[in-house]
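Structure first, commentary second.
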Amino acid sequence: METVDKVSVVRRLAEAKEKSGKSYTEIAAETGLTNVYVAQLLRRQAQLKPDTAPKLRKAIPALSDELVNSMMAPPFRSYHPDIIQEPAVYRLNEAVMHFGESIKEIINEEFGDGIMSAIDFYCSVDKIHGVDGKDRVVVTFDGKYLPYSEQRSEHMTSKLKREAP
């Protein structure tokens, strides 16, 4: 659930970015982060790490100590349920749903039975020109592969502790 404080902080972060006159991609280039991660930081969907704070402050000079400190606190990662109605988000969701089964099959074929992490995960958005010369959007999901484990009772630490003499 979004709090008034989070909404206020996000608004102030957006104002600081706007004052910089820089795009997410430009800020990403200056900080060594992905453009999506920069956006996540400024929307309070990711935690700013101490080593990155000076780079972000240099890229966005209007960031106050108070804003930087709030960005360093663990965020409440959430989204408004109406976000799916926003056309860009709706189409991204539609693409994942449409291609998801095939993507899952290829993951299983290439890696085995498992999933892509959304925690050990990188995401970026890039603009390219297609063969027809028109602008194209490239969304890259780069997640660690996590294999499913066979649930063997002898590997279940909590069960072993209960059975110990």
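The values are calculated or read from the model by the stated rules, or taken from the named source; none is laboratory data. Keep in mind it's a predicted model, so treat the numbers as computed, not measured. Virtual Cβ from ideal backbone geometry, glycine too; neighbours counted across all protein chains shown. Note: accessible area is taken over every heavy atom of the protein model, side chains too, but ligands, DNA and RNA are not part of it. Shrake-Rupley method; radii C 1.70, N 1.55, O 1.52, S 1.80 Å.
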Using the alpha-carbon atoms, what tilt in degrees (0 to 90, nearest 10) does helix 87-111 show relative to the longest principal axis of the chain? 40
Give me the one-decimal Kirkwood hydrodynamic radius in Å for the range 106-146, with the sum taken over alpha-carbon pairs. 12.0
Rg/Rh (Cα only; Kirkwood hydrodynamic radius) as it applies to the range 13-165: 1.08
At 1.4 Å probe size, what's the solvent-accessible area of D135? Round to the nearest 10 Å². 90
15 Å Cα cut-off, lysine pairs counted over the chain (separation 8 or more, or different chains): 7
Probe 1.4 Å, protein heavy atoms only - accessible area per residue of the range 101-148 in square angstrom: 85
Added length on full extension, which subtracts the Cα-Cα distance from 0.36 nm per residue, H98 to A73: 5.4 nm
Per-residue ellipticity at 222 nm attributable to helices in the chain (runs of n ≥ 4 DSSP H, -39500 (n - 2.57) apiece, nearest 500 deg cm²/dmol) works out to -15000 deg cm²/dmol
Here the relative contact order (percent) of the chain, from C-alpha pairs under 8 Å and at least 6 apart, is 18
The helix 4-20 Cα axis meets the longest alpha-carbon principal axis of the chain at an angle in degrees, between 0 and 90 and rounded to 10, of 60
Would you tell me the accessible area of E109, worked out with a 1.4 angstrom probe on the heavy atoms of the protein chains, in Å² to the nearest 10? 150
Accessible area of the range 50-124 belonging to carbon and sulfur atoms, whole % at 1.4 Å probe: 60
For an R0 of 30 angstrom, estimate the FRET efficiency from the Cβ-Cβ distance between N108 and S153 and round to the nearest 0.05. 0.70
